[in-house]
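Everything on this sheet refers to the single structure shown next.
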Amino acid sequence: MTHSDLSRRTLLGAAAATASLALTSPGVSAPPPGTANPAPPSLTPNQALAALKNGNRKFLAGEAVEPARGGRRRRLEIARAQYPIAVLVSCSDSRVPPELLFGRGLGELFIIRNAGNTIDTVAMGSLEYAVAELNVPLVVVMGHERCGAVAAAVSVVENGTTYPGSIGRMVEPIIPAVLAARATGTSDLLDASVRANVSRTVDRLRRFSEPMVLDRIKAGRLRIIGARYDLDDGNVNFFDEGTGETR
Ligand SMILES: [Zn+2]
């Protein structure tokens, strides 16, 4: 690469970053022009949560995602760096795509998905990267109604069901949530297990994460909360909204 190439790229990058200032939606500030590394989080945890709640309201109302969130200009705007507003730990279920449920577009959600929205080493490292390197201010662990992975774990507990391949080991981390839900005497074990699975993960993250996560919670720069998506009505119900200081 020649010096002139480099200069041209730098200029183009600065121009793209400048353009992003005009494109960014209200409440989501853009990185400074020419910045190569992630800037400090531009949203507070509460602002990020409000943005997700507002996006879900738009999804429920049937409003399309704004073109600016998914178009070519937006792609160019974020090509050099990402500034997602939230980490979503959610299920792989095809009916639960976070961007659509929250009315978000390119570069807005850092998504960790697997069947049953559990956190293994890979998921934990991904979460830590998003929090520590990208300064994401909000982590949402989201289960959903009639989750097949949780249903499989319920069947292990209730019927001693075994599964082929890696499916059995995959649902193992969900079994303690099923046992906890069953101990409450609930009449809807599957849904109680979905919520317990989320709550247990939220609690574990708040209490046993690395300092890179815990220090941000203590400083008020990060919130970790739970949510449940309702397949029937499209509503995301947030719960376990404590900051980590109160519960
Ligand atoms: Zn699921």
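Quick look at the values:
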item: Phi to ³J(HN,Hα) by Karplus 6.51 cos²θ - 1.76 cosθ + 1.60 over the stretch 187-197, Hz, x for Gly, Pro; result: 8, 10, 5, 5, 5, 5, 6, 4, 5, 5, 4
item: SER166 - accessible surface, heavy atoms, 1.4 Å probe, Å² rounded to 10; result: 70
item: Rounded to the nearest 10 Å², the accessible area of MET124 at probe 1.4 Å; result: 40
item: Point-to-point label distance, LEU100-LYS218, nm (Cα→Cβ direction, 7 Å offset); result: 4.2
item: Label-point separation, ASP230 to SER187 (7 Å along Cα→Cβ), nm; result: 1.8
item: Cα-centred dipole magnitude for the stretch 169-214, charges only on beta-carbon of K, R (+1) and D, E (-1), debye, nearest 20; result: 100
item: Accessible-area order (highest first, 1.4 angstrom probe) of the listed residues VAL89, VAL154; result: VAL154, VAL89
item: Listed residues TYR129, TYR163, TYR83 arranged by accessible area, highest first, probe 1.4 Å; result: TYR129, TYR163, TYR83
item: Solvent-accessible surface (1.4 angstrom probe) belonging to ARG113, in square angstrom, nearest 10; result: 90
item: Residue-by-residue Karplus 3J(HN,Hα) for the stretch 87-99, coefficients 6.51, -1.76, 1.60, Hz, glycine and proline x; result: 9, 10, 9, 9, 7, 6, 2, 5, 8, 10, x, x, 4
item: Residues whose placed amide H lies under 5 Å from that of TYR163, excluding near-sequence neighbours; result: GLY168
item: Theoretical gain in end-to-end length, TYR129 to ALA79 [0.36 nm per residue, Cα-Cα removed]; result: 16.2 nm
item: With every protein chain in place, the stretch 73-176: carbon and sulfur % of accessible area (1.4 Å); result: 54
item: Normalised contact order of the stretch 65-204, rounded percent, pairs of Cα under 8 Å and 6 or more residues apart; result: 23
item: Dimensionless Rg ratio for the stretch 107-247, taking C-alpha atoms and the 2.2 N^0.38 Å reference; result: 1.06
item: Under-5 Å amide H pairs with ALA86, H placed in peptide plane, nonlocal only; result: PHE110
item: Candidate residues THR201, THR184, THR44: accessible-area rank, largest first, probe 1.4 Å; result: THR184, THR44, THR201
item: HN-Hα J in Hz across the stretch 224-231 - Karplus 6.51, -1.76, 1.60, θ = phi - 60°, x for Gly and Pro; result: 10, 9, x, 7, 9, 9, 9, 4
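The values are calculated or read from the model by the stated rules, or taken from the named source; none is laboratory data. Just so we're clear, the structure is a prediction, and the values are computed from it rather than from any experiment. Backbone-built Cβ (ideal geometry, glycine too); neighbour counts: all protein chains shown. Note: accessible area is taken over every heavy atom of the protein model, side chains too, but ligands, DNA and RNA are not part of it. Shrake-Rupley method; radii C 1.70, N 1.55, O 1.52, S 1.80 Å.
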